[in-house]
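Below is one structure; the comments refer to it alone.
The values are calculated or read from the model by the stated rules, or taken from the named source; none is laboratory data. Everything quoted here is computed from the prediction, not taken from an experiment. Note that we place each Cβ from the backbone using ideal geometry, even for glycine, and neighbour counts take in every protein chain shown. The accessibility values were calculated without ligands, DNA or RNA, using every heavy atom of the protein model including side chains. Shrake-Rupley method; radii C 1.70, N 1.55, O 1.52, S 1.80 Å.
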Amino acid sequence: MRAFSYERAGSPQEAAAAAAAQEGAQFIAGGTNLLDLMKLEIETPSHLIDVNGLGLDTIEATAEGGLRIGALVRNTDLAADQRVRRDYGVLSRALVAGASGQLRNKATTGGNLLQRTRCPYFYDTNMACNKRAPGTGCAAQGGYSRQLAIIGGSEVCIATHPSDMAIAMRVLDAVVETVNAEGDTRAIPLADFHLLPGNTPHIETVLAPDEFITAVVLPRPLGGQHFYHKVRDRASYAFALVSVAAVIQPDGSGRIALGGVAPKPWRNEAAEAAMPNGARAVISRLLEGATPTEDNKFKVTLAERTLTAVLAEARG
Amino acid sequence: MRFDSPAEQNVSDRMKVLGQPLRRIDGPLKTTGMAPYAYERHGVAKDQLVGYPVGSAIAKGRIVSMDIDEAQASPGVVGIVTTLEMERLPKVDWNVAYLFGGREIQHYHQAIAVVVANSFEEARAAAALIRVEYEEDQDATYDLAAVRQERLSDDVEPIDNIGDFESAYASAEVTLDATYTTPGQCHAQMEPHATIAQWDGDHLTLWTSNQMIEWSRQALATTFDLPAENFRLDSPYIGGGFGVKLFLRADAVMAALAARKVGRAVKLALPRPMSANNTTHRGLTIQRIRIGASQEGKITAIGHDNATNTLPGGDGENGARATRRFYAGENRLLINRALEIHLPESNAMRAPGETAGLMALEIAMDEMAEKLGMDPVEFRIINDTQVDPSHPERQFSERHFIECLQRGAEVFNWASRNKAPGSRREGAWLIGHGVAGAYRDAPAETSGARVSVRPDGSIRVETDMTDIGTGSYTIIAQTAAEMMGVSLEVVNVDLGDSRHPVSAGSGGQWGAASSTAGVYAACLALRKKIAERLAVDPEALEFSEGYVRYNDQQTALSELASAGSITAEDSIEFGDFRSEEYQLATFGAHFVEVAVHATTGEIRVRRMLAVCDAGRILNPMTARSQVIGAMTMGVGAALMESLAVDTRHGFFVNHDLAGYEVPVHADIPEQQVIFLEGEDPYSTPLKAKGVGELGICGVSAAVANAVYNATGARVRDYPITLDKFLDRLPEIA
């Protein structure tokens, strides 16, 4: 861990301004990912802006009938919120499928969206990694890639996004709200929030350096049955091999997003049109053009099978 | 005392304290955080500095240059020791890889420097500033399967070549020829390697975490070229070992080197991401097993050809080990190919050899039973042996494997198991049942202790025996309480200090049996001393309730010691009869029920039962804890644990606890453990044997067999993750 300076921000805009004022600054909220990465010198911020005192920790109804979730609402509180449990079950289930109770107590809504990949080569600073050290190469290509992306990656990076929460947010068409140093706000649909690696895998979101997440907004409830089926190598406390977030309507239509397969929550509205034709049809559209490795080609089959299990459960 | 013939009736047979399910005497200290582990011993040495290690970024080659200027100038840095400052330090044979010194790199994350600073954070930050230039060897090889393939025609001296295996196999009525693989496994013990080192002239004290105090003292003498007497180790509490703390390791060497350089006490722990590649692992194996049997199920030929990785000078994981003595069969060909691969050091991990070997053999037995159309319990019973199959003149001292199987089958309700693979379903889940046998040798090693009666009537036991979470404190206290006729509460046990008599230490499942026998010997010596004082024949003395009773008289122990503690010391040595005339071993049977999701392949273990035959059980509660811990580790080995090899760079990629998954609570169901009543007078005066390693033997195969039974998909490559059988699950619509 490198030495860093530290400040507590007084307001969201001040936090954004502080980030603009100093190169190498980063926000810190729960710190459940950032601190680990700093200890390993994967992240080396010169300045930390502590945003924990900003409030932003309430969940409020919106005029449109949805929910505005403050960026600093802890994962535990979000999962337990009665309105979330009633109207957005997929989100509550995704949250409790992630991490451990202790981590969820600290982890925030905004921070969860910004967590970094768990690619083992990203974590080992002796190894080439374009995401950690742009231009050095990708040791994961041709290496141990069982956990890594089968779609959406590029020659230079096949990392996955590790979040469970974000997969559910994507199915719900959540919108990320931000503020910048000038006080300008914007609303970014989650679909557009994460970037695919292309040739710049170190740039993971559309956020500007001085842009701070203030809230995540959920549109009106969708109704239907909510599922989050996370498949992993042990029963708890592990990252997904494949996860399926789904909202299934009584008429058989619905929404599907996949976790564990791509650098971002993986959803394609066009694929959902194939819902009446079953899981295989949906997944073949959703994972069209996938380029898995020998290590992780099973994820295509697993996605198909996991969605099958979800649809079977929906039928009851 | 020497243990030269089977134990007869003796004081320990009272079983008033021994044999009772007593809670750990060190439990309250541990559960309240009051038991100091090595890295937390802030009070033992003044002005402790903190060391942080640097590991090699390459697997094989040499260091060309190392630039430490920036690190040296970093805030708080007091000193840096680099491997280039010295020749390669000598090692003892127990260690396969060298621990420090010189340019040569033998494995990834080999220790190459240690930075000493005022704080942990400063040391860690500075360590990241050391720049190293390497020259990598181009001829290094990291792929066990490829090397095995190349060297299959090598002439290897078999471990056993009895009868004529090839002919017997060729003419057998029913045969199996299958190859199984087990991956490298990480000990993943909770407490990392950690040491505080302080020199006083040429005398060194290490407060450390080590299973074998005397081995490490001898290793330090070799490494630093000083008499063993110059070294003191103290290791009272150890947060897990499983074999990874059997030997002197780089944490202790670096702390010692750093402390010498800066002239102050230095503490150092191996960071978790460095543990897997810097220390040791259970070697990978590729095991070809061939079994031939008659239609009636009698094994006539058994062949086990094990290949495993090792650095030069090691044995790797000898999977053929257990096959030597587990089942009958007149024609036997057992081979271990320890192949030089430049991965980190493979070395002992809980039940080395038997664990990986039985993971394979006990699937093979299941496959054979199926080919024969037999109940796998019955097939194992038919092939039980009461003599060492490789030396039929040697009997097993005690062997109740059949009873383990039969008792287990009854308690588990094996008769109602799913009999046709893939045919039992409960909702979305396929249900399956599996059985496997367990075998582990029961060695014993010389072990000493010092026992005192103190003026307050309490008993103190001192030995360098260690407690690695196993319950040594408690069973040693029970032994002393039994022998001296006092209650457990007045026994004080001090362990892990090299100033105490040398014990057997914790390893190879010999610790419990050996160390309690050593305490028994010391207690007998103390009783004799007391008898001499009282001028009474020791046989006439009765020790109970804190009194010595003799000739209608009684004296309180406190009175006897009122003028000062009475102390005696002795050691138990085991005669050759124990290892040469008889084969001593422990046995078990594991029964497992699993559910496998018919669509996704997710596996959930639902029930586990182990029935163990391990002589007299000294404490059923601590013994049970050992076995359920081992069963849990076996579930990990079966379903998830695997050190992923990068065959290009020669290292284990998933080198932290996020990447190397071990079972969590949600993976483990109700576990039942049954110990057969019994004692083994050939083992020790206490008639006890170890159980800590027995529990892991065979359990993974029971899980594997249950998964097969549930799904009909046989997986021969561990761990059994869903990707290996997904395409063999029922078709989806």
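All other residues whose Cβ lies under 9 angstrom from that of B:E661 are scored, Lys and Arg at +1 and Asp and Glu at -1, for a net of 0. Both chains summed, the buried accessible area for B and A stands near 3100 Å², from protein heavy atoms and a 1.4 Å probe. The Cα atoms of chain B define a convex hull whose projected area, averaged across directions, is 33.6 nm².
At a Förster distance of 22 Å, what's the computed FRET efficiency of B:E532 paired with B:Q554, Cβ-Cβ distance as r, to 0.05? Here the calculated transfer efficiency is 0.80. Taking only protein heavy atoms and a 1.4 Å probe, the accessible area of the protein assembly as shown is 48% carbon and sulfur.
Positive contributions from Lys and Arg (+1) and negative ones from Asp and Glu (-1), summed over other residues with Cβ under 14 Å from the Cβ of B:G457, come out at -2.
Could you work out the local net charge near B:D494, counting Lys and Arg as +1, Asp and Glu as -1, over the other residues with Cβ closer than 12 Å to its Cβ?
Working: positive: B:R450, B:R460, B:R499; negative: B:D26, B:D234, B:E462, B:D464, B:D467, B:D497.
My count for the surroundings of B:D494 gives -3.
Note on segment A:90-133 and segment B:243-313: Cα centroid distance 31 Å, given to the nearest whole angstrom.
Let me know the volume per residue of the alpha-carbon convex hull for chain A, in Å³. Spell out each step's value before the answer.
Values: hull volume 40.0 nm³, N = 316.
Normalising the Cα hull of chain A by residue number yields 127 Å³.
Once you reduce segment B:326-393 and segment B:645-661 to the center of their Cα atoms, the two points are 28 Å from each other.
In segment B:625-685, which GluC sites (Glu not before Pro) are in a loop and have at most 13 other Cβ atoms within 10 Å, using DSSP for the loop call?
On the way: sites: B:E641, B:E661, B:E670, B:E677, B:E679; in loops: B:E641, B:E661, B:E677, B:E679.
Passing both the DSSP loop test and the Cβ count: B:E677.
Among beta bridges identified by DSSP and lying wholly in chain B, the antiparallel ones come to about 75 percent. Given a 1.4 Å probe and the protein chains as shown, B:Y169 ends up with an accessible area of around 30 Å². For segment A:88-112, the residues whose backbone nitrogen is under 20 Å from a point 7 Å from the Cα of A:D50, taken along Cα to Cβ, are A:103-112. Mind pulling up the Rg/Rh value for segment A:214-303? Radius of gyration and Kirkwood radius, both on Cα. Result: Rg/Rh = 0.98. Qualifying GluC sites (Glu not before Pro) in segment B:65-94, where qualification requires a DSSP coil assignment and no more than 11 other C-beta atoms within 10 Å, comprise B:E87.
Once you have the alpha carbon radius of gyration of segment A:5-52, what is it after dividing by 2.2 N^0.38 Å, with N set to its residue count? Before the final figure, lay out the partial values.
Numbers: Rg = 10.4 Å, N = 48, 2.2 N^0.38 = 9.6 Å.
My calculation over the Cα atoms of segment A:5-52 gives 1.08.
Using DSSP to call loops (not H, G, I, E or B), can you name the GluC sites (Glu not before Pro) in segment A:2-92 whose Cβ has at most 12 other Cβ atoms within 10 angstrom? Passing both the DSSP loop test and the Cβ count: A:E23, A:E64. Three principal axis extents of the protein assembly as shown based on alpha-carbon atoms, in descending order, are 97, 73, 59 Å. Expressed as a fraction of 2.2 N^0.38 Å, the C-alpha radius of gyration for segment A:257-316 is 1.09.
With the convex hull drawn around the C-alpha atoms of segment B:22-151, the volume per residue stands at 206 Å³. Estimated from helices alone, the mean residue ellipticity of chain B at 222 nm is -7000 deg cm²/dmol (sum of -39500 (n - 2.57) over DSSP H runs with n ≥ 4, per residue).
Using a probe of 1.4 Å on the protein chains alone, the accessible area found for A:H229 is around 30 Å².
What FRET efficiency, computed as 1/(1 + (r/R0)^6) with R0 = 25 Å and r the Cβ-Cβ distance, is obtained for A:A281 and B:D727, rounded to the nearest 0.05?
Details: r = 19 Å, r/R0 = 0.77.
Computed FRET efficiency for A:A281 and B:D727: 0.85.
What the Cβ-Cβ distance of B:Q20 and A:E269 gives, at R0 = 51 Å and to the nearest 0.05, is a FRET efficiency of 0.15. A 1.4 Å probe run over the protein chains yields, for segment A:5-52, 43 Å² of accessible area per residue, whole-number rounding. Accessible surface for segment B:441-548, divided over its residues, is 29 Å² per residue with a 1.4 Å probe. Solvent-accessible surface of segment B:121-246, averaged per residue with a 1.4 angstrom probe and all protein chains in place: 42 square angstrom.
Cα centroid distance between segment B:452-473 and segment B:561-577, in Å? About 13 Å separates the Cα centre of segment B:452-473 from the one of segment B:561-577.
Ignoring everything except DSSP H segments at least 4 long, calculate the 222 nm mean residue ellipticity for chain A; use -39,500 (n - 2.57) per segment, divide by total residues, nearest 500.
Values: 13 runs with 92 residues, N = 316.
The helix-only estimate for chain A comes to -7500 deg cm²/dmol at 222 nm.
Contact-buried residues of segment A:292-316, at a threshold of 50 Å² lost accessible area versus the chain by itself: A:R305 (1.4 Å probe; DNA, RNA and ligands ignored).
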